[in-house]
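S.K.: Before I ask anything, let me first share the structure, which is written out below as structure tokens.
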Amino acid sequence: MASANYDISHEQGTNFVLNINYYDDLGVPLDLSYGYWAQMDVRGQRYELDTENDTLKLRFSTSNVYGVTGSISPNKGATAGHISLNGEYVYSDTGEGATTSGVTGQISLSFTKEISTQLASGSSLFDLFLFDDRGISSGTTGDAYAEKLISGKFIISPAISDPNFGG
């Protein structure tokens, strides 16, 4: 199946959350809570021209920690974006800790405003891959079934105001 083309717009200096609902052929939300993982790269050019990740700006991954706020420079953004395959992360009433919403079939991509302020404005390319071990994989990407879900432009609009309150 061909991937969908979708352009993503983001305002520099703000939190980013994008929820994508994934259904099977009958319109039933697909349970992604076991045996699946995902990765999405935002790059200045296609990977085949950038195998050293020189133009990698941001990587979303199920293996990245939720809510990263550190510098994206040392690892070229490879640990800055998080993917949840069990719905969007929601903070508790006390603001301490977060859990997923548990929405079946919902892929949630996110990064913090601290990451967003480090991203240069402009247009980049992205694609989102979903991997499924289908019971035959060793749990690694090399032998898993891979499906490109969406691709397109990732557009970051510049901030006019200082995104840090009182800054």
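We did not get these values from a lab; they are worked out from the coordinates using the rules stated. Keep in mind that what you see is a predicted model, and the values were worked out from it rather than measured.
S.K.: Per-residue HN-Hα couplings for the stretch 7-22, Karplus 6.51 cos²θ - 1.76 cosθ + 1.60 at θ = phi - 60°, whole Hz, x for Gly and Pro?
M.R.: 8, 10, 10, 9, 8, 3, x, 10, 5, 10, 9, 10, 9, 10, 8, 10
S.K.: Tell me which aspartates and glutamates have Cα within less than 19 Å of K76's Cα, excluding those fewer than 8 residues away on the same chain?
M.R.: D41, E48, D50, E52, D54, E114, D127
S.K.: Multiply the residue separation of T14 and S33 by 0.36 nm, subtract the distance between their alpha-carbon atoms, and state the gained length in nm to one decimal.
M.R.: Contour length minus the Cα-Cα distance gives 4.0 nm.
S.K.: Here's something else I'd like to know. Tally the DSSP beta bridges in the stretch 29-98 and give the antiparallel ones as a percent, rounded to 5.
M.R.: Rounded to the nearest five, the antiparallel share is 75 percent.
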